[in-house]
Amino acid sequence: PTPTPTPTPTPPLEPLPQNNEQPPTDNAPTVTPSPTPTATPVIIPTPTPPLLPQPRDPFGFILPALGAALIGVLLLALILLTLLFIYWWWEWRGMRGLSPISRAYARLERYIALIGLRFSERQTPQERRDQIVTYLPPAAEPPVSAITRLYTAERYGPPAPIRDEIKARPADRAWSQTRASILKRWLKRRLLFWRK
């Protein structure tokens with residue numbers, strides 16, 4: 001039951017005085033308008049949720065799973081690209097224009113800094129080799145010696161009319177063996193830091 005508004009009586013209209021005319025002063029009562037009642041708002045109850053949970057869509061998990069998989073793939077791609085960049089940074093940065101033997105020796109010096117070995121500028125390649133061999137396992141001595149011997153012959157010996165491809169094979173083979181030894185030593189140093 002909603003209340004119905006009752007009509008409000010409207011007062012009779014009197015003409016407004018013109019210029020200097022005085023309004024009539026008969027003792028007629030003036031009617032003051034009374035406020036119009038407004039209807040009370042009706043409160044509509046909200047439906048109560050059902051006590052039993054709604055059945056889930058059997059494929060409702062696919063979209064979140066695809067989103068999570070996409071994020072995982074993007075993170076994996078980012079990690080792989082970062083590792084590829086780090087590899088390029090350590091292997092190829094600044095090596096343009098070097099012969100394969102000089103490149104192997106420069107990489108040897110770059111990687112050996114990972115295990116904390118620093119060289120003096122006054123040391124000869126042979127003195128550096130002796131210092132490197134004391135830090136690495138015995139299996140690393142032949143490739144380090146081969147890289148040092150080839151570098152010394154190329155740098156300080158007479159120019160040889162040998163093609164770069166022929167010179168590159170032993171240097172590349174020795175470098176890959178040496179890199180593995182250096183990285184193993186570096187990982188042991190980082191992961192087993194308490195066993196120095």
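Data for the structure
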quantity: Within region 109-196, helices (runs of 4 or more DSSP H) holding 1 or more residues that are surrounded by 12 or more Cβ atoms within 10 Å (Cβ to Cβ) and modelled with pLDDT of 90 or more; calculated: 125-135, 141-156
quantity: Complete set of residues in region 97-108 that are out of contact with any Asp or Glu (no Cβ under 9 Å at 6 or more places or on another chain), surrounded by 12 or more Cβ atoms within 10 Å (Cβ to Cβ) and not in a helix (DSSP H, G or I); calculated: Leu98
quantity: Residue check, Thr10 at pLDDT 75 or above and among the polar types (S, T, N, Q); calculated: no
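This table checks each residue for (1) more than 22 Å from Arg173 (Cβ to Cβ); (2) more than 33 Å from the chain's Cα centre (by Cα); (3) not polar (S, T, N, Q).
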{"site": "Ile79", "(1), (2), (3)": "yes, no, yes"}
{"site": "Trp92", "(1), (2), (3)": "no, no, yes"}
{"site": "Ser120", "(1), (2), (3)": "yes, yes, no"}
{"site": "Gln123", "(1), (2), (3)": "yes, yes, no"}
{"site": "Tyr135", "(1), (2), (3)": "no, yes, yes"}
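The values are calculated or read from the model by the stated rules, or taken from the named source; none is laboratory data. Since this is a predicted model, take the numbers as computed values, not measurements. Here the Cβ is made from the backbone with ideal geometry for all residues, glycine too, and neighbour counts use every protein chain on show.
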